[in-house]
Amino acid sequence: MIKNSWNAFFQSEIKKPYFNDLEEFLQQQEIKYSIFPAKLKRFLAYELTPFEDIKVVILGQDPYHGAGQAHGLSFSVEGDQTLPPSLRNIFKELVDDIGCEMPKSGDLTSWAEKGVFLLNTVLSVKASEAGSHQKQGWETFTDATIKILSDEREGLVFVLWGKPAQNKEKLIDAEKHLVLKAPHPSPLSSYRGFFGSKPFSKANNYLKEQGKKEISWCL
C-alpha cells in the first residue's frame, strides 16, 4: 500500500465494489497478456508525490503500450527509452516557454518529486493495445483522485491537454484552482494551439501569486 498521505484515500477506495471488479479484471488480464506498467509501478505518481506536496496536476490518458516505456507517471518514459512524439513536443514547448535546454531523457521523476502530480486517467494497458483498459474502473478511481484534490486543496494548477483530459474539468473547482487547457501535444494536434500555450510559465506565475515556490521545470 501507499506509505504516505495518499494511504487513507486508497484505504477508502479499495473497499468499494468497483475496485474489487477492477482487481479481478487485472488479474485475468495478467494471466493472458503483458500488462504495462509493471504492477509495482502502477501507482508511482501517488508514491512520489504526496497529497500535501502537489502543486501542479498534469493529466494524461492511459500508459504507453510499448515494452519498457510506461512506469507509472503520465507522459514519462524510463530514462533509456526513445522520446515518444507527444513527450518530444512537450519538451519543445518547455524549451520555448521557459528557455530550458532540450532534455535528453524522458524520465519525469524529478518533476514528480517537485510537486508535479503526473496522473493518467487509466493506470494500466495491454501491450500494444492503446485504450485497452478503459472503462474497467480506473476512471472511477482517478476521478475520485481529481475530486479530492479539488475539494481538499487550494491553489493547484490543473493542466488538461486534449479533450479526454478536458472532460475532467467538471470535477475541478475553478474558483479555487487554475485550469490550463490546450490541445493534446501529439503530432496530430500540437499545431492547433498546444505550441505557444506556455503552460510552464503560466503555472509558475500562478504559484508565485499563491505564495508558493515555483516549479524548477528544467530537466
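Looking only at the range 165-219, which residues are part of a loop (DSSP other than H, G, I, E, B) and small (G, A, S)? The answer is A174, S186, S189, G193, G196, S197, G211, S216. For the range 57-90, a residue qualifies if it is touching a residue at least 60 places away in the same chain (Cβ under 8 Å) and farther than 21 Å from E139 by Cβ, and the qualifying residues are G66, A67, P85, L87, N89, I90. Scanning the range 55-85 for residues that are under 17 Å from the mean Cα position of the chain (by Cα), among the hydroxyl-bearing types (S, T, Y) and more than 18 Å from V159 (Cα to Cα) gives a single hit, Y64. Every condition in (1) modelled with pLDDT of 95 or more; (2) in contact with a Gly (Cβ under 9 Å, 6 or more places away or on another chain) holds for A165 except the one numbered (1).
For the range 187-209, the candidate set comprises residues that are among the polar types (S, T, N, Q) and modelled with pLDDT under 95; within that set, the residue that is most open to solvent (accessible area, probe 1.4 Å) is S189.
Within the range 91-136, being open to solvent by less than 10 Å² (accessible area, probe 1.4 Å) and on the phi > 0 side of the Ramachandran plot holds for one residue alone: G115.
Looking for whichever is polar (S, T, N, Q) and in a loop (DSSP other than H, G, I, E, B) here; the options are S86, S74, S110. Which one fits? Steps first, please.
Numbers: S86 fails: in a loop (DSSP other than H, G, I, E, B); S110 fails: in a loop (DSSP other than H, G, I, E, B).
That would be S74, the only listed residue that is polar (S, T, N, Q) and in a loop (DSSP other than H, G, I, E, B).
The values are calculated or read from the model by the stated rules, or taken from the named source; none is laboratory data. This one's a predicted model, so the numbers in the text were calculated from it and none came from an experiment. We place every Cβ from the backbone using ideal geometry, glycine too, and count neighbours over all the protein chains shown. The area values use the complete protein model at the heavy-atom level, side chains included, leaving out ligands, DNA and RNA. Shrake-Rupley method; radii C 1.70, N 1.55, O 1.52, S 1.80 Å.
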